[in-house]
Amino acid sequence: MRWSRGWEALGVAYQPSPSAAGASRPPLSRPQRAEARRVRAVELFEDGVSNAEIARTVGVCAESVRRWRRVWEEGGVSALRRRSATGRPPKLDDAQVEKVRAALAQGAQSHGFEADLWTLERVGAVGERATGVMLSRTSVWRLLTCRLGWSLQRPGRRAVERDESETARWIAHEWPRIKKGP
């Protein structure tokens, strides 16, 4: 019996790599691409294609195809489907994350902080005010980096006494002399 839903069940055309993604659709995520490969392999299993040929077609090693075939024979197509992530679900849902994003976009000073710099503690306090959910430092970091796409930015530290013209003069005149050696 042929599994006719194939790639359409995923709502996308077969895209084995990000470079193959069409311009009209967003590229598949890594888990979606992996599931798409397995679904394509099932279609080829049903057509009687050899493991080696399937491996070449979907771009994986033959051992993966053997493992997929074994799982497919024991549990069918559903056994090869992507499973939801295990572990504790995130404390903030998507709507709450958007509230935090909007609050952070206003800047730290608008929330009563004297400098317009975000720290984990500040983001946690603003997030708690916006959503009513208290997050640990680790959860705040995960929220910023994984869900909001922020990255660590540290302000440059320069001495107050720094004299830019003297630094430029030293680099132009003294450094070449030192580099040249005795």
Number of the condition not met by Lys179 [criteria: (1) of a type in the set (Lys, Arg); (2) out of contact with any Leu (no Cβ under 6 Å at 6 or more places or on another chain); (3) surrounded by 10 or more Cβ atoms within 10 Å (Cβ to Cβ)]
(3)
Hey, Leu117 out of contact with any helix residue (DSSP H, G or I) (no Cβ under 8 Å at 6 or more places or on another chain), surrounded by 12 or more Cβ atoms within 10 Å (Cβ to Cβ) and either in a helix (DSSP H, G or I) or at pLDDT below 95 (or both) or not
yes
Can you name every residue in segment 120-140 that is open to solvent by less than 60 Å² (accessible area, probe 1.4 Å) and under 19 Å from the mean Cα position of the chain (by Cα)?
Ser139, Val140
Looking only at segment 57-107, which residues are in contact with a helix residue (DSSP H, G or I) (Cβ under 6 Å, 6 or more places away or on another chain), among the small types (Gly, Ala, Ser) and closer than 30 Å to Val140 by Cβ?
Ala103
Condition met for Ser84 (hydroxyl-bearing (Ser, Thr, Tyr) and at pLDDT below 90):
yes
Pick from segment 38-53, criterion touching a residue at least 40 places away in the same chain (Cβ under 8 Å) and either in a loop (DSSP other than H, G, I, E, B) or closer than 13 Å to Arg81 by Cβ (or both), ranking: least open to solvent (accessible area, probe 1.4 Å):
Val39
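The values are calculated or read from the model by the stated rules, or taken from the named source; none is laboratory data. What you see is a predicted model; the values in this text were computed from it and never measured. Every residue, glycine among them, receives a Cβ derived from its backbone with ideal geometry; neighbour counts consider all protein chains shown. Areas reflect the complete protein model, heavy atoms only, side chains present, ligands, DNA and RNA absent. Shrake-Rupley method; radii C 1.70, N 1.55, O 1.52, S 1.80 Å.
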